[in-house]
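The values are calculated or read from the model by the stated rules, or taken from the named source; none is laboratory data. If you're wondering where the values come from, they're calculated on a predicted model, not measured in any experiment. Because the Cβ atoms are built from the backbone with ideal geometry, glycine has one as well, and the counts that use them run over all protein chains shown.
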Amino acid sequence: MTSQQTVLLVVDVQHGNTAEAFDRDGVVGRIRGLIDRARADGVPVLWIQHEAGPFVPGSDPWQIVEAVRPGEGDTVIGKHYLDSFVETDLRARLDALGATRLVLCGAATDACIRSTAARSQIEGYDTVLVADGHTTDEGPWPLPLPDGSEVPVGAREMIAFTNFFVADTDYPGVTTEVVPAADVTW
């Protein structure tokens, strides 16, 4: 491990937002590999679990996907907003671990991943987005907007744009990387 304290943050890999996800099995498999590597190398793993809208605690959509489900005693942080830091104890838990660098993966790309990546940069964490470790629903696209217009892109484009957006975002004093799961270092 480097002098930085890295934490792997697994965001909202739940039945309700991965069942129809782009490259679901590939993304979940890569996340599983990251979890295994992190544990083997002594890197803390924290799970975020959405608990609002259709993600009612105890319901099937709320359940974390079995392939990446946390083990006994693992830290799972429930949240009600897209940004994993809003009204949660995530910051306090990261501070208790001495975290300076976050590796992010999970779902959904266009919502919780993008919001949490931006917030982690704002909060001053060096941020690594796993380029092939996040996903979003395959459709139906285009998505309708309240004003009658539509989001004219699909899942593949949303993932590519989010990778670009995060890589292109600078904040003072922090570094940002977007790398494939195979290239993640602790």
> Is it true that residue 8 is of a type outside the set (S, T, N, Q), part of a strand (DSSP E or B) and modelled with pLDDT of 95 or more?
Replying inline: yes
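Determine whether residue 94 is in contact with a helix residue (DSSP H, G or I) (Cβ under 8 Å, 6 or more places away or on another chain) and either surrounded by 15 or more Cβ atoms within 10 Å (Cβ to Cβ) or not aliphatic (A, V, I, L, M) (or both). Before the answer, list the steps.
Details: in contact with a helix residue (DSSP H, G or I) (Cβ under 8 Å, 6 or more places away or on another chain): no; either surrounded by 15 or more Cβ atoms within 10 Å (Cβ to Cβ) or not aliphatic (A, V, I, L, M) (or both): yes.
No, not satisfied.
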>> Looking at the stretch 87-111, I want the residues that are closer than 15 Å to residue 12 by Cβ and have a partner that is acidic (Asp, Glu) with Cβ atoms under 6 Å, at least 6 apart or on another chain. Which pairs are those?
In response: 106/12; 107/12
> Hey, among the residues in the stretch 144-171 that are hydrophobic (A, V, I, L, M, F, W, C) and touching a residue at least 60 places away in the same chain (Cβ under 8 Å), which one's surrounded by the fewest Cβ atoms within 10 Å (Cβ to Cβ)?
Replying inline: 155
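Can you name every residue in the stretch 1-22 that is free of Cβ contacts under 8 Å to residues at least 60 places away in the same chain and surrounded by fewer than 17 Cβ atoms within 10 Å (Cβ to Cβ)? Even if it seems obvious, please write down each step before you answer.
Taking the stretch 1-22 and keeping what is free of Cβ contacts under 8 Å to residues at least 60 places away in the same chain, we get 3, 15-16, 19.
Listed by number, the residues that qualify are 3, 15, 19.
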> Picking from 64, 31, 122, which residue would you name as being touching a Cys at 6+ places or on another chain (Cβ under 6 Å) and among the β-branched types (Val, Ile, Thr)?
Replying inline: 31
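Looking only at the stretch 23-37, decide whether some residue is more than 24 Å from residue 178 (Cβ to Cβ), of a type outside the set (Ser, Thr, Tyr), part of a loop (DSSP other than H, G, I, E, B) and touching a residue at least 12 places away in the same chain (Cβ under 8 Å).
Our first condition is that a residue be more than 24 Å from residue 178 (Cβ to Cβ); within the stretch 23-37, this holds for none.
No, there is no match, as no residue in the stretch 23-37 is more than 24 Å from residue 178 (Cβ to Cβ), of a type outside the set (Ser, Thr, Tyr), part of a loop (DSSP other than H, G, I, E, B) and touching a residue at least 12 places away in the same chain (Cβ under 8 Å).
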> Is it the case that the stretch 56-64 has a residue that's within 22 Å of residue 118 (Cβ to Cβ) and not charged (D, E, K, R)?
Replying inline: no
>> Condition first: touching a strand residue (DSSP E or B) at 6+ places or on another chain (Cβ under 6 Å), in a loop (DSSP other than H, G, I, E, B) and of a type in the set (Asp, Glu). Can you find one or more residues in the stretch 50-57 that meet it?
In response: yes
> Looking at (1) out of contact with any helix residue (DSSP H, G or I) (no Cβ under 7 Å at 6 or more places or on another chain); (2) within 22 Å of residue 110 (Cβ to Cβ), which is the one condition that is false for residue 37?
Replying inline: (2)
>> So residue 40 ticks every box in (1) within 15 Å of the chain's Cα centre (by Cα); (2) surrounded by fewer than 24 Cβ atoms within 10 Å (Cβ to Cβ) but one. Which box is left unticked?
In response: (1)
